[in-house]
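Chemist: Handing you a structure now.
The values are calculated or read from the model by the stated rules, or taken from the named source; none is laboratory data. If you're wondering where the values come from, they're calculated on a predicted model, not measured in any experiment. Cβ placement follows ideal geometry from the backbone for every residue including glycine, while neighbour counts extend to all protein chains displayed.
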Amino acid sequence: MIRAWFELVKNTIAKYSIVDSDIYNFDETGFMMGVISTGIVVTSSDGRKQAKKTQPGNREWVTVIQAINSVGYAVPPFLVVAGKNHLES
């Protein structure tokens, strides 16, 4: 099954004459902004419930999108944060 997928990719590259520098791999990850510190464990006194970790500080999430092409050129990372104003130029 995997071999068939790579054959499809190879045939598509050949069919459309795609050059190596136009093949990119994109990756996206997210993380929570705030102070990095040891988590605080909150649990009930009977100890039967699942413990929950909390982190103090700003709970805003940031998304990072990165890309690199097959010849090694890396696009600068793109950060996505929550905004309050949309500015048009």
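Chemist: Spot the failing condition for Phe6; the list is (1) on the phi > 0 side of the Ramachandran plot; (2) of a type outside the set (Ser, Thr, Tyr); (3) at pLDDT 95 or above, and only one is missed.
Modeler: Every condition holds for Phe6 apart from (1).
Chemist: Being modelled with pLDDT under 55, assigned to a strand (DSSP E or B) and surrounded by 10 or more Cβ atoms within 10 Å (Cβ to Cβ) is the filter here, so list the residues in the range 20-43 that pass it.
Modeler: Selection gives Ile40, Val42.
Chemist: Let me ask something else about it. Exactly one of these conditions fails for Ala82: (1) of a type in the set (A, V, I, L, M); (2) part of a loop (DSSP other than H, G, I, E, B); (3) loosely packed, with under 10 Cβ neighbours inside 10 Å; (4) modelled with pLDDT of 80 or more. Give me its number.
Modeler: Failed condition: (4).
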